[in-house]
Structures are given as structure tokens and as C-alpha cells.
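*Asks:* Mind looking over this structure? Questions follow.
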Amino acid sequence: GDTVNDAWIFALTVLLSSTLIYNSKGTIDQHAMDQMHYVVELSDRVTLKATPKESEDELEDSEKFASFFPTFVWAVRDFTLELKMDGEEISEDEYLEKALKLKAGKG
């Protein structure tokens, strides 16, 4: 219920993850960007302790952040599934099971 608490939980979850997948439907527009407010707020929640550079080979701050944050994948669906098989409606789980079922092949 508390948006500040939600943002902290999201930041902790992101830092503990290896991949962050944002799943959306439709096109990428202003509404879709507004829905990503937790991702935008990450910079307010996560900071690095500033240390002076000791050499030219030392990483920049943005490169240091990259080592902590997971890979970001934005999956955009431009369609919805019609969950029917042989004229009868099926559940999402049944659809997934059918999609992942091994198909007979040669060899």
C-alpha cells in the first residue's frame, strides 16, 4: 500500500536479479513510459560511494552501476492470445503446456 516502501522493495529485487523483464502489451508510448516509474526511481534509491580515481584504468561511475544492475529486457506484445483448442476454451496453463509439448520429428 505504501509507494515509498514499494519502490525500496523493487530496488532490492532488481539488485538481487540477473535479468529484469518488463512485459507490456501494445505500442511503446507515453503511457507505457509512465508505467515504468519504478525503473526510473531506481537512481533515487541506489547510489555508489564516491571514491577518487586512482588510475586512468579505473571504471567510470556508469560502468560501476552496470556491474550491479541486471540485464533489462522490454518484451512488447502487439497481440493477445485466443485461448481456444479444438473449438473449446482452455486455460493459460493448458495453452503453455501445449506450446511446450515436444513434437514428433524424424530421427
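*Asks:* Less than 14 Å Cβ to Cβ from Trp8, Lys/Arg counted +1 and Asp/Glu -1: what total charge do the surrounding residues give?
*Replies:* -3
*Asks:* If you add up the charges near Ile28, with Lys and Arg at +1 and Asp and Glu at -1, over every other residue whose beta carbon is less than 13 angstrom from its beta carbon, what do you get? Can you show the working numbers first?
*Replies:* Details: positive: Lys25, Arg77; negative: Asp29, Asp34, Asp78.
The answer is -1.
Every read-out reported here was derived from the displayed coordinates using simple, explicitly stated rules and does not represent laboratory data. A quick note: this is a predicted structure, and the numbers were derived from the prediction, not measured. Virtual Cβ from ideal backbone geometry, glycine too; neighbours counted across all protein chains shown.
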